[in-house]
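The values are calculated or read from the model by the stated rules, or taken from the named source; none is laboratory data. Just so you know, these numbers come straight off a predicted model, no measurement behind them. Cβ sites come from the backbone with ideal geometry, for glycine too, and all protein chains shown count toward neighbours. What goes into the accessible areas is simple: the full protein's heavy atoms, side chains included, and nothing from ligands, DNA or RNA. Shrake-Rupley method; radii C 1.70, N 1.55, O 1.52, S 1.80 Å.
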Amino acid sequence: MVRATGKYTLGLVQELGDFALFTARSFADVPKSRRLGRRVVRAFFEQGVRCLPVVMIVGMFTGLVLGLQGYYVLNKFGSEGLLGTLVSLSLVREMGPVLAALMLVGQAGSALAAEIGIQRNSEQIAALEMMGVSSHGYLVAPRLIAALIVFPMQAAIFVSVGLWGGSLSGSLLLGLEPGIYWSAVERAVQSNDVIECFVKATTFGLLTTGLCAYYGFNAHRSPSATGARAVSAATTHAVVLSSIMVLAADYVITSFLVRT
Amino acid sequence: MSAPHDGLLLEVEGLRKRFGENVVLDGTSLRVKRGSLVTVLGRSGSGKSVFLKCLGGVVRPDEGTIRFDGREQRPEDRAARADFRSRCSFLFQGNALFDSLTALENVALPLEQTTDLKDREIRERSLEALKQLELEKHQDRYPGQLSGGMQKRLALARAIVTRPELVLFDEPTAGLDPLRRNAVFAMIATYQRQFHFTALVVTHDVPEALAASDHVALLDNGKMCFEGTPQDFAASENSVVRGFRDSASVLGTMLAEIRRGEAPSTDES
Amino acid sequence: MKQSKLELFVGGFVLLGIAAVIYLTIKLGAGSIVGGDTYVIEARFTNAGGLNAGSSVLVAGVPVGRVEEIRVDEKDYSAIATLRVDSGLRLPTDSMASIKTTGLIGDKFVALAPGADDTWLESGARITMTESAVDLESLIGKMAFGSVETEDSPVETPPNL
């Protein structure tokens, strides 16, 4: 029992170290990679344009629900004027970065893990290495660079759409004066909150994109499966672990950045 | 850099590789002359692919030395490794084409990533390589939209676009019918002479290999049990060579035994 | 997909993303008074409970600034709030600052009631006439236990609070 725990812990530490090394190597190989810009643009397309609809739709509904729920709760205390505060702080501090990241994991992260897994499987990664091309620099680095920029952008878009959704359900459906809502929003959100939002989004982007690439990249190392099964196992693993890590990292960052 | 070492481009000495308990290469050696077409024959699972991957640096051998153009390849010697990689191409069994890139982009990739050529030059050279392999009409297609033979040619175009001195072929005829096998070997032999590269082919197709190669080696149980010209191979009395070369007549004997109602001897040697 | 079409889509996304980021940082994060010139004045309260850095400063219900920081005076343990106010608005020296609440449990804010003096508050000046925050807990307690409505009986602290 104790030995099993020790073995598991060591395995986990080793994997964490391996992951850190993988990410570091991807950034270190950036100078070796030529014509990186084009692949960053493609990664922007995968993470940005492709995921925009789902981010906007989920953002919209999150705002609508927050507005509705918040209104009913606040109504009991006669404090409907605080609806903007509730919606905006929930969105900026937590919902925006977390939900946007989860949507991106579901859409772009899974695709990334599967794509790199298949490239590993069909020896495309070996082919790159044989040509003397760094597969880290070629495949992983552009995705990581894009994630550092795209995730905060998606979070900001999520928040903006969500705020609008909140005002829609608050004012249009429930008859709250839009001015009250928007002034509460502007009063409530501080620069600290916005910084928190972006710090979270950037961290989630680096973490989830790195993890998805890492598991796809190491699909061949899967102990239990080979071939297509290994790729599907790697993809599942990547998505599940990324989602857990988003929430875990969210907790850690919140506890570090929390204010009075 | 012209051949100072008796015209030898590649020298492999005592290569050993084991995966766990399974010894795949057990002191394998091979010498490849510059400008020749060398075939390494062997049964499925005899370690041919691993041998080739050790040469290509995809798999790291446990022991042994590999010398390319007189320079020893050691894992820690990055300069030697880079020099080798810039002068050598590898053709994978499954072609390993990038399926999200078009034919032209596939061919252009090694130039884009490993040379300082301008975009226009890269395009010209890539188109030239495609044209030489009669693929210029398909430059905007994706590998998935090409037939098996075209994919093989595309992979070869990508391999030769960097003008390598050595091309390693991993089972280029795997899963092809006899006519296509002939076509692939004819293609390798033709372009090998046309572009003056040295070719090292790993295969188990005996007749095609004998017809096309200058030099033949037979890998069995991790060791080279035969090395020589195709003529030597055809005349060899080595039991492994005979089993391999005369597989059809061995099959005939086996079938005759079955028809006579005797248990066939499945001993492979 | 053609590279040019790809670039078009990506360009559109980036513009949208930048717009959203700017909206968040400028419009929300820094408040509506960013960009304009501001000056600071200080206000001393005996109790600044519920007031935060970032709370609004209002004159006649109109936002004119924000609370920059709140600290405790080391000598008399009162709370000193630093207010950053729009420099377009000059305030008489005898203005009064009070901490008020939006709604029952809403945000605390500082309401400034301009005085009648001819001299103006300089940057860094201190407002001395202040009104501190209402102690909401005790007020709610009174409401919850109904002691507010019994007007003739003296206000009592509920026994089990």
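For B:PHE90, what residues show an amide H to amide H distance below 5 Å, using hydrogens built from the backbone and excluding near sequence neighbours?
Under 5 Å from the amide H of B:PHE90: B:LEU168.
What accessible area, summed over both chains, is buried at the A-C interface (1.4 Å probe, Å², nearest 100)? Walk me through the intermediate numbers first.
Working: alone 13600 and 10860 Å², together 21770 Å².
Chain pair A/C: roughly 2700 Å² of buried accessible area.
Computed FRET efficiency, Cβ-Cβ of A:VAL252 and A:LYS32, R0 35 Å: what is it to the nearest 0.05?
Details: r = 33 Å, r/R0 = 0.94.
For R0 = 35 Å, the calculated efficiency reads 0.60.
Helix A:141-167 versus the longest principal axis of chain A: what angle, 0 to 90°, nearest 10, using Cα atoms?
For helix A:141-167, the angle is close to 20 degrees.
Which of A:ALA111, A:ALA234, A:ALA184 ends up with the largest GNM mean-square fluctuation for chain A, with Cα atoms connected below 10 Å?
A:ALA184
Report the per residue volume, in Å³, of the convex hull enclosing the C-alpha atoms of chain B.
Working: hull volume 40.7 nm³, N = 269.
Convex hull of Cα atoms, per residue: 151 Å³.
Could you work out how far apart the two model spin labels at C:LYS75 and B:SER249 are, taking each label as a point 7 Å from the Cα in the direction of the beta carbon, and quote it in nm?
11.7 nm
About the Cα centre of the protein assembly as shown, what is the dipole size in debye to 20, counting +1 per Lys and Arg Cβ and -1 per Asp and Glu Cβ, all else neutral?
Its charge dipole is roughly 2360 debye.
Using a 1.4 Å probe on protein heavy atoms, which residues of the range A:141-158 have at least 20 Å² less accessible area in the complex than alone?
Residues shielded by partner chains are A:MET153, A:ALA156, A:ILE157.
To the nearest 10 degrees, how steeply does helix A:227-257 sit against the main Cα axis of chain A, on a 0 to 90 scale?
Taking Cα atoms only, the helix is inclined about 40 degrees.
Taking chain B as a Gaussian network, Cα atoms linked when under 10 Å apart, which of B:SER213, B:SER44, B:SER86 shows the biggest mean-square fluctuation?
Of the options given, B:SER44 has the highest mean-square fluctuation.
Please list, in chain and number order, the residues 5+ apart from B:GLY64 or on another chain whose amide H is under 5 Å from its amide H, with Hs placed from the backbone.
Amide H to amide H, under 5 Å and 5 or more residues apart or across chains, B:GLY64 pairs with B:ARG16.
For a test of the definition: using alpha carbon positions, the gyration tensor, and the 1.5 limit on a/c, classify the range B:82-185 as rounded, prolate or oblate.
On the way: a/c = 1.97, a/b = 1.31, b/c = 1.50.
The shape class here is oblate.
Return the value, in Å² to the nearest 100, of accessible area buried between chains B and A (probe 1.4 Å, both sides summed).
Working: alone 13920 and 13600 Å², together 25560 Å².
Summing both sides, the interface buries roughly 2000 Å².
Return the distance in nm (one decimal) between the two label points of a simple spin-label model at B:ALA79 and B:ALA256, each offset 7 Å from Cα along Cα→Cβ.
6.3 nm
What fraction of the Cα pairs in the protein assembly as shown, stated in percent, has a spacing above 43 angstrom?
Values: 111854 of 237705 pairs.
Here the tail beyond 43 Å accounts for 47 percent of pairs.
For the protein assembly as shown, what does the accessible surface come to per residue with a 1.4 Å probe? Please give it in Å².
Working: 33680 Å² over 690 residues.
Using a 1.4 Å probe on heavy atoms only, each residue of the protein assembly as shown averages 49 Å².
Nearest 500 deg cm²/dmol is fine: what mean residue ellipticity at 222 nm does chain B get from its DSSP H runs of n ≥ 4 alone, each adding -39,500 (n - 2.57), divided by its residue count?
Numbers: 10 runs with 107 residues, N = 269.
After summing the helix terms and dividing by the residues of chain B, the value is -12000 deg cm²/dmol.
Whole-Hz Karplus ³J(HN,Hα) for the range B:27-43, in order, using 6.51 cos²θ - 1.76 cosθ + 1.60 and θ = phi - 60°, x for Gly and Pro?
Once rounded to whole Hz, the list reads x, 8, 10, 7, 10, 10, 7, 4, x, 9, 10, 10, 10, 9, 9, x, 5.
Quick one: of the DSSP bridges fully inside the protein assembly as shown, what percent are antiparallel, nearest 5?
Numbers: 47 of 73 bridges.
Once the DSSP bridges in the protein assembly as shown are tallied, antiparallel ones form about 65 percent.
Which residues of the range A:75-89 end up with at least 50 Å² less accessible area in the presence of all protein chains than when their chain stands alone, using a 1.4 Å probe?
Buried on complex formation: A:LEU82.
Mind listing the phi-derived Karplus ³J(HN,Hα) values for the range C:120-131, rounded to whole Hz, using 6.51, -1.76 and 1.60 with θ = phi - 60°, and x for any glycine or proline?
These are the phi-based 3J(HN,Hα) values: 10, 5, 7, 4, x, 6, 10, 8, 9, 7, 9, 10 Hz.
Using Cα springs under 10 Å in a Gaussian network model of chain B, which residue among B:THR28, B:THR198, B:THR253 shows the largest mean-square fluctuation?
So, out of B:THR28, B:THR198, B:THR253, the one fluctuating most is B:THR253.
Considering only C-alpha atoms, what is the centroid distance from the range A:169-221 to the range B:79-137, in Å?
42 Å
With a 1.4 Å probe and all protein chains left in place, how much of the accessible area of the range B:96-163 comes from carbon and sulfur atoms, in whole percent? The partial results should precede the final answer.
Working: 1420 of 3200 Å².
It is 44 percent, rounded to a whole number.
Using Cα atoms only, what is the angle between the long axis of helix A:178-188 and the major principal axis of chain A, expressed in degrees (0 to 90) to the nearest 10?
60 degrees
How far is the Cα center of the range A:99-162 from the Cα center of the range C:76-140, in Å?
When both Cα centres are located, 52 Å separates them.
How charged is the neighbourhood of B:ALA80? Take every other residue with its Cβ under 13 Å from the Cβ of B:ALA80, and add Lys/Arg as +1 and Asp/Glu as -1. The partial results should precede the final answer.
Numbers: positive: B:ARG67, B:ARG71, B:ARG74, B:ARG78, B:ARG81, B:ARG85, B:ARG87; negative: B:ASP69, B:GLU72, B:GLU76, B:ASP77, B:ASP83.
Residues near B:ALA80 contribute +2 overall.
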